[in-house]
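Structure first, commentary second.
The values are calculated or read from the model by the stated rules, or taken from the named source; none is laboratory data. Being a predicted model, the structure only gives us computed values, none of them experimental. For neighbour counting, all protein chains shown are included, and Cβ atoms are generated from backbone atoms with ideal geometry for every residue, glycine included. We work out accessible area using only protein heavy atoms, side chains counted, and drop any ligands, DNA or RNA first. Shrake-Rupley method; radii C 1.70, N 1.55, O 1.52, S 1.80 Å.
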Amino acid sequence: MKYNFIILLICFFLVNNCGFEPVNLQGNYNISEITTKGDVQINYKIKSKLLSTNRSVNEEIIKVNINTKKRKSIKEKNINNEITKYEIEITTEVNFKSITNNLEGVFSFTKRGDYNVLAKYTDTLNNEKLLIKSLINESVEEIQGTLTNNLNDS
């Protein structure tokens, strides 16, 4: 009984003091203006997610231009030459300018994913919507992380 307690105590200290700390993706900046170009639906969702995490108490004020492109292509076909899997690729280019520091930057990235074609067309559309939503969330995290890194480096 005593040994079990000691082992449990040692495991607790090993796991508790691992040094892991999550990165704060919500940087020390306030987005004053977002202009978008490209796919309207994706831009609207990215813009609303970025503005929802905006805080008005930050001193760094930035303007952001976002250009997105969505490409849907066939990934797999079966032996009957029927499409079984599609791939969606979202390419995002972000230009930002800090009004307070006169710092400018450009970065771009591409997010990819695939989804299966199901027997019902509505199920296939739901798979596509879920994939696009997931890719948008990844894109927003990438934008926030890169903006935070670029603005904190200055």
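As a summary of the residue check, I34 satisfies the conditions (1) within 16 Å of S134 (Cα to Cα); (2) in a strand (DSSP E or B) except for the one numbered (1). Evaluating I90 against the criteria (1) of a type in the set (A, V, I, L, M, F, W, C); (2) modelled with pLDDT under 95; (3) in contact with a helix residue (DSSP H, G or I) (Cβ under 6 Å, 6 or more places away or on another chain) leaves one unmet condition, (2). Which ones in the stretch 53-69 are modelled with pLDDT under 95 and open to solvent by 50 Å² or more (accessible area, probe 1.4 Å)? If the condition is that a residue be modelled with pLDDT under 95 and open to solvent by 50 Å² or more (accessible area, probe 1.4 Å), then R55, S56, V57, E59, I61, K63 are the ones that fit.
Within the set T148, T53, the sole residue that is touching a Gly at 6+ places or on another chain (Cβ under 6 Å) and in contact (Cβ under 8 Å) with a residue 40 or more places away in the chain turns out to be T148. Annotation note: of E141, E128, E59, E104, the sole residue that is touching a residue at least 12 places away in the same chain (Cβ under 8 Å) and touching a Lys or Arg at 6+ places or on another chain (Cβ under 9 Å) is E128. Looking across the stretch 118-152 at every residue that is among the hydrophobic types (A, V, I, L, M, F, W, C) and surrounded by fewer than 13 Cβ atoms within 10 Å (Cβ to Cβ), the one that is modelled with the lowest pLDDT is identified as A119. Only residues that are among the hydrophobic types (A, V, I, L, M, F, W, C), touching a helix residue (DSSP H, G or I) at 6+ places or on another chain (Cβ under 7 Å) and within 30 Å of Y115 (Cβ to Cβ) were counted across the stretch 28-63, and they come to 4.
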